[in-house]
Amino acid sequence: MRPETEGELAEAVRGANGPLRIVGGGTRGIGSVSGELLETGGLSGVTLYEPGALTLVAGAGTPLADVEALLAAERQRLPFEVPDLRGLLGRDGASTLGGVVAANASGPRRVQVGACRDAALGLRFVDGRGAVIKSGGRVMKNVTGYDLVKLLAGSWGTLGVISEVSLKVQALPEAEATLCAPMAVGPAVAAMAAALGSPFDLTGAAWAAGEVRLRVEGMAGSVAYRTGALRAHLGGDWRVVTGAESAAAWREVRDVGPLQGLTGPLWRVSVKPSDAVALLDGLEAEAVLDWGGGLVWVCGEGDVRGRASVLGGHASLLRGAGSAFHPEAPAVARLAAGLRAQFDPRGIFNAGLMG
């Protein structure tokens, strides 16, 4: 099924006789889901864009590339730096705006501006009964008190099918610069912690391909001053790249370039930045650290999920045998099950994906 309007989407959900597999562009889905295919790509088009108000509203099926091109023409961008994981996951197709929100897809700039969910102003979606819900407008009695935007962002289509999204956008900075230095993982984590603890307002801190990368963005004069001050603050031998070279370095981090083409289980792990070294110690694996080490991409063998649990973190399996999502604590699992029962009482949306 590929509905072309929100009304057709609601009708399709109401008429469903079994599970539905919700797909946007098919570029970033994880786990195994069965059911009749329901594509959101027909719900496409930007319905409102106000550059002066830094606001954009578009259908969930709108290609991400179209949105990025529209914003770039006005020297603006999505602030949360959406990853392109097609090369990592071996996918093709075109990412959609609704899929980005459903996955809460966020890149290295999250360390400064927050995740996709933090830029989402509102949305419209169809629940498991086939009712159209607008966040901030119609209030469902049984979910009063919940921020529906943040609840749907990162729910992977298990609570509702997003039909429209409203997002905050951001002006492009005048300049950017990246400090780079080769470093082993232990010193890298220490250097990133020192940089992020400084007053120099970084928009990225990562370790990729054996190199620490620290990004500064803003007005040209400010970037020049902060880059020099950060080098002095950290000490050591840092090279500085700017412009297109800096942007390319962060695309590689954003898209987890160093792990593309590798075989074996692929993990996305969230731990305290200071625990990244303990997570990787002794693992037969390659890794990329983002957000100062709080996000660790791991490709290789070993009990990655067990280690993450011991460290108080969690690990999602993007490729390999096993459950895609980290087991939830009993209290959290009960809450999540209750929410799914309220939003999707028939259990038809991406059934079994998240519990």
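All of the numbers you see were taken from the coordinates with simple rules; none came from a lab. Note that this is a predicted model, so its numbers are computed, not measured. Heads up, the Cβs are rebuilt from the backbone with ideal geometry, glycines too, and the neighbour counts pull from every protein chain shown.
With both labels modelled 7 Å from their Cα along Cα-to-Cβ, the R129 to K168 distance reads 3.2 nm. Residue by residue, segment 37-47 carries 3J(HN,Hα) couplings of 5, 10, 9, 9, x, x, 8, 10, x, 7, 9 Hz when phi is fed to the Karplus relation 6.51 cos²θ - 1.76 cosθ + 1.60 (θ = phi - 60°); x denotes Gly or Pro. Each label point was placed 7 Å from the Cα along the Cα-to-Cβ direction; for H233 and A72 their separation is 3.1 nm. In terms of other Cβ atoms within 10 Å, D303, D237, D344 run from fewest to most in the order D237, D303, D344. Going from the residue with the fewest nearby Cβ atoms within 10 Å to the one with the most, E245, E39 rank E245, E39. Put a dot 7 Å past the Cα of V46, heading toward its Cβ, do the same for R346, and the two dots end up 3.6 nm apart. Compared with the alpha-carbon gap, the fully stretched path from K272 to D201 is longer by 23.6 nm at 0.36 nm per residue. Extension gain, S34 to A331, is 104.2 nm, computed as 0.36 nm per intervening residue step minus the present C-alpha separation.
About its Cα centre, segment 6-171 has a charge dipole of approximately 480 debye under the convention of +1 per Lys or Arg Cβ and -1 per Asp or Glu Cβ, with nothing else charged. Taking the Cα centre of segment 213-269 as origin and assigning +1 to Lys and Arg Cβ atoms and -1 to Asp and Glu Cβ atoms, the resulting dipole is close to 120 debye. To the nearest 0.05, how large is the calculated FRET efficiency for E4 and R319 if R₀ is 45 Å and r is the Cβ-Cβ distance? After rounding to 0.05, the efficiency reads 0.85. Adding -39500 (n - 2.57) for every DSSP H run of four residues or longer, then dividing by how many residues the chain holds, sets the calculated 222 nm ellipticity at -8000 deg cm²/dmol. Can you match Rg/Rh (Cα atoms, Kirkwood Rh) to one of these, (i) 1.00; (ii) 1.03; (iii) 0.98, based on a calculation from the structure here? Computed from these coordinates, Rg/Rh (Cα atoms, Kirkwood Rh) corresponds to label (iii). Span-like helix criteria (full DSSP H runs; alpha carbon extent of at least 15 Å along the helix axis; mean Kyte-Doolittle hydropathy of at least -0.5) are satisfied in the chain by 185-196, 220-234, 330-343.
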